[in-house]
Amino acid sequence: MTVTAASTPEAAATDAATTAPAGIRRKPLPARLFTTYGGLVAIGVLAYVLMVWAPGSMSPFRLGNLGKYCAFALASMGIGLAWGRGGMLLMGQGVFFGIGGYAMAMHMKLEAAGAGNVPDFMQLYGDGTMPFWWEPFRSGAFTIFAIVAVPAVVSLLLGLAILKRRVKGAYLAILTQALAVAFATLLVATIKETGGFNGLNTFTTFFGHNLYDPEVKKNIYRIAAGLVIVFLVILWQLYRSRYGELLVATRDAEERIRFLGYDPANIKLFAFVVAAVMASIGGALFVPIAGIISPTNVDAAASILLIAGVALGGRASLLGPAIGAIAVGYGRSSLSEKYPDNWSYFQGALFILVMLFLPGGISSLWSKLKSLAGRVR
Amino acid sequence: MDVLTTPLLTGTATGAILLLAALGLTLTFGQMGVINMANGEFLMIGAYVAYMTQQVISGAGVSILVALPVAFVFAGLLGLILEVTIIQWMYQRPLDTLLATVGVSLVLQQAARDIFGAQGDPVTAPSWMGGRISVFGYEWPHRQLFTILLALGAFAALNAVLKYSSFGRRIRATVQNRELAETMGISTRNVDRLTFFLGSGLAGVGGVAIALISGTNPTLGISYIIPAFLVVVVGGVGQLKGTLIAAWAVGVVTAFLTDWTSGSMAQVLTFALVVVFLTVRPQGLFTVRTRSLA
């Protein structure tokens, strides 16, 4: 089975190494080692930059921003898995980002209110009674459990409903975007339960630690950056596994996979659930760093911003989505400082130019240049 | 009776707006398989054309009638430019087209914000649209009736063009079998361009109708694009009558839900119902039978 992955399928390379008959010219050992473990080395470099260099040399404000971009990067890496490898363009990851974000924000809001008390906005907008489903979020352990479990269950049910019915391609993209619109509308409409348009903000502590303590801020950043690295390693392993091969094969020839006896829906479902959980974790880390979660952080526009990083970095590559998300975050904040109103132009141009000229993103730039040079010669 | 007629009539008007927004999409998405997320911005452009003509021609009654063809041509030309510069290079990559047109829509929104300001501008409805007629005790504004007539007119015109004109026959031939149509001497490239012009122009006409109801707004497009796409998908991609029924159904269901709950809850519930419907019937209300896989 020939599968055209955007980056070379590592597992196939090792397979070929062990079973290739004599006479077939193999790549030299260092090159083979590079195709297998090069990704890991690159993750190591990124880990050094994010975990050692950045906390040591960046101002607390810049570090906080970087932490925010790391939270976005987690969600974008999930989109990279689903879209780049699985062919499912998810335009509503803001929903899962929001589930994680609101779960964390509810816990922090209850912490700020103190034991037995009700969050301030409920007295302001409502009659001061708390909906029953807020109650379990007083417990930190339950919150962490919910940040992983709720998006997993929601995406599993949703995925079963739509992927099993072979909804795919553009339909899936539109449907997921509709979900993001509906989710944001629902949040705005439920002002008494979720804070409405203003969302949830003014937190004081993060699992008992003072949020205004610079050391605590630094540690929250370390958690966000550390999770980016952890999930990159997980994705690296996933991409070189049998499952990773199957996912790419499903993207490229779904019917063939079906005829081979697999159920493409199950293969895609797994990627969908993993992407949802990653987005949720990203959202949960966004809240203590940004100090707010509101419908504008989770609506269709926010979901599309998450995709922008993936498209820029390279959807099918391992590091592309993460680095792309961080780059888009930086680009957005620095361009907004210089030209406050023109970010939309840049984001729009990014989508148009990348899709027209460099669909593989920046990570495909090198191979693209090589092939161009080859054509010239 | 009032409990039933009011939502039914206002819902029909909402459905008419949705139909106008969705007609252009049925054509480009259904017939050509192109997902044009900038279609919502063509609605917005139609609305601004209505606003601009009102600045030039002061009589509201005449200016709206002038705005309709102007909006059609203006939005259609912009669609044509979009097709020639961007979309024609990526017919084989529908998801990339989707994202590229998302980029176009972001640019157009920001351009509208820079030219006309972030605040919307009101568009005065002509005096002959100000009246109301009494239907089963509900005072139905003429404005809604006009929208419905406009939508039905556009629907009928598009249907007639596709069915009876030679251009329509060429579109259908290209959709059914591109290679065979080419061997028959049809320039499929020209058909693509014209289809895009027509689809975008229809969105422009829809924009004029929307401007009469809610005025202009830079974000007007976003609020319509997703419901319009859902209408197209529910109706069955490329099925004009499906789009008609789906638009009406979505409009009426939303109106009833708005009556029972609230505006935003109705939107959420309608989306949920559409998702449920699509899991039961992913191919939509009507389908073309093909032998292709899945």
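Could you say which residue among B:LEU25, B:LEU9 is within 21 Å of B:TYR224 (Cα to Cα), in contact with a strand residue (DSSP E or B) (Cβ under 8 Å, 6 or more places away or on another chain), modelled with pLDDT under 90 and not basic (Lys, Arg)?
On inspection, the qualifying residue turns out to be B:LEU9.
In the range A:132-165, of all residues being of a type in the set (S, T, N, Q) and more than 14 Å from every other protein chain (Cβ to nearest Cβ), the one that is surrounded by the most Cβ atoms within 10 Å (Cβ to Cβ) corresponds to A:THR143.
Each row is one residue, and each column tells you yes or no for (1) within 30 Å of A:ARG240 (Cβ to Cβ); (2) away from chain B (no Cβ under 14 Å); (3) basic (Lys, Arg); (4) assigned to a helix (DSSP H, G or I).
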site: A:PHE272; (1), (2), (3), (4): yes, yes, no, yes
site: A:ILE281; (1), (2), (3), (4): yes, yes, no, yes
site: A:LEU285; (1), (2), (3), (4): yes, yes, no, yes
site: A:SER303; (1), (2), (3), (4): yes, no, no, yes
site: A:ALA308; (1), (2), (3), (4): yes, no, no, yes
site: A:LEU312; (1), (2), (3), (4): yes, no, no, yes
site: A:ILE326; (1), (2), (3), (4): yes, yes, no, yes
site: A:GLY360; (1), (2), (3), (4): yes, no, no, no
site: A:LEU372; (1), (2), (3), (4): yes, yes, no, yes
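Taking the residues in the range A:167-198 that are more than 20 Å from the chain's Cα centre (by Cα), closer than 17 Å to B:GLY263 by Cα and β-branched (Val, Ile, Thr) as candidates, determine which candidate is farthest from the other protein chains (Cβ to nearest Cβ). Among those residues, the one meeting the criterion is A:ILE191.
In the condition set (1) at pLDDT 80 or above; (2) surrounded by fewer than 20 Cβ atoms within 10 Å (Cβ to Cβ); (3) assigned to a helix (DSSP H, G or I), B:GLN119 is compliant with all but (3).
Among the residues of the range B:27-61, those identified as under 17 Å from B:THR124 (Cα atoms) and not hydrophobic (A, V, I, L, M, F, W, C) are B:GLY46, B:TYR48, B:TYR51, B:THR53, B:GLN54, B:GLN55, B:SER58, B:GLY59, B:GLY61. For B:THR124, the conditions (1) among the polar types (S, T, N, Q); (2) part of a loop (DSSP other than H, G, I, E, B); (3) within 14 Å of chain A (Cβ to nearest Cβ) are fulfilled apart from (3). Just one of the listed residues (A:ALA189, A:ALA184) is in contact (Cβ under 8 Å) with a residue 24 or more places away in the chain and not acidic (Asp, Glu), namely A:ALA184. Can you name every residue in the range A:320-331 that is crowded, with 17+ Cβ neighbours inside 10 Å and out of contact with any Lys or Arg (no Cβ under 8 Å at 6 or more places or on another chain)? Scanning the range A:320-331 gives A:GLY320, A:ALA322, A:ILE323, A:GLY324, A:ALA325, A:ILE326, A:ALA327, A:VAL328, A:GLY331. Within the range B:122-161, restricting attention to residues that are surrounded by 15 or more Cβ atoms within 10 Å (Cβ to Cβ) and among the aromatic types (Phe, Trp, Tyr), the residue that is farthest from B:THR195 (Cα to Cα) is B:TYR138. Filtered by the rule that a residue be at pLDDT below 85, in contact with a helix residue (DSSP H, G or I) (Cβ under 9 Å, 6 or more places away or on another chain) and more than 10 Å from chain A (Cβ to nearest Cβ), the range B:260-294 gives B:LEU285, B:PHE286, B:THR287, B:VAL288. Among residues of the range B:137-158 being at pLDDT below 90 and either within 13 Å of B:LEU240 (Cα to Cα) or of a type in the set (A, V, I, L, M, F, W, C) (or both), the one that is farthest from the chain's Cα centre (by Cα) is B:TRP140.
For the range A:114-121, state whether one or more residues are of a type in the set (A, V, I, L, M) and either at pLDDT 90 or above or at positive phi (or both). No, the range A:114-121 contains no residue that is of a type in the set (A, V, I, L, M) and either at pLDDT 90 or above or at positive phi (or both). For the range A:193-220, what are the residues that are more than 30 Å from A:PHE132 (Cβ to Cβ) and either of a type in the set (D, E, K, R) or modelled with pLDDT of 95 or more (or both)? Hits for the range A:193-220 are A:ASP213, A:GLU215, A:LYS217, A:LYS218. Output yes when any residue across the range B:173-189 is surrounded by 16 or more Cβ atoms within 10 Å (Cβ to Cβ), outside any loop (DSSP other than H, G, I, E, B) and touching a Phe, Trp or Tyr at 6+ places or on another chain (Cβ under 9 Å), and no when none is. Looking through the range B:173-189, none of the residues is surrounded by 16 or more Cβ atoms within 10 Å (Cβ to Cβ), outside any loop (DSSP other than H, G, I, E, B) and touching a Phe, Trp or Tyr at 6+ places or on another chain (Cβ under 9 Å). Look at the range A:332-355 and say how many of its residues are within 14 Å of chain B (Cβ to nearest Cβ) and surrounded by fewer than 16 Cβ atoms within 10 Å (Cβ to Cβ). The number of residues fulfilling the criteria is 8.
Scanning the range B:63-76 for residues that are hydrophobic (A, V, I, L, M, F, W, C), closer than 19 Å to B:PHE196 by Cβ and within 16 Å of the chain's Cα centre (by Cα) turns up B:ALA71, B:PHE72, B:VAL73, B:PHE74, B:ALA75.
Given the options A:SER76, A:SER59, name the one that is at pLDDT 80 or above, among the hydroxyl-bearing types (Ser, Thr, Tyr) and surrounded by fewer than 19 Cβ atoms within 10 Å (Cβ to Cβ).
A:SER59
Condition test on A:PHE203, is it under 17 Å from A:PRO288 (Cα atoms), in contact (Cβ under 8 Å) with a residue 24 or more places away in the chain, away from chain B (no Cβ under 14 Å) and not in a helix (DSSP H, G or I)? So A:PHE203 passes the test. Among the residues of the range A:275-293, those identified as of a type in the set (Gly, Ala, Ser) and surrounded by fewer than 24 Cβ atoms within 10 Å (Cβ to Cβ) are A:ALA290, A:GLY291.
For beta carbons closer than 6 Å, sequence separation of 6+ or different chains, a first residue in the range A:42-70 that is part of a helix (DSSP H, G or I) and a second that is loosely packed, with under 12 Cβ neighbours inside 10 Å, the qualifying pairs are A:PRO60/A:PRO214.
Among the residues of the range A:341-358, those that are more than 22 Å from the chain's Cα centre (by Cα) and outside any helix (DSSP H, G or I) comprise A:ASP341, A:ASN342. Scan the range B:2-21 for residues that are in contact (Cβ under 8 Å) with a residue 60 or more places away in the chain and either under 11 Å from B:ASP259 (Cα atoms) or not hydrophobic (A, V, I, L, M, F, W, C) (or both) and the total you get is 11.
The values are calculated or read from the model by the stated rules, or taken from the named source; none is laboratory data. Owing to the predicted nature of the structure, the values given are computational and were not obtained by experimental measurement. Cβ: placed from backbone, ideal geometry, glycine included. Neighbour counts: every protein chain shown.
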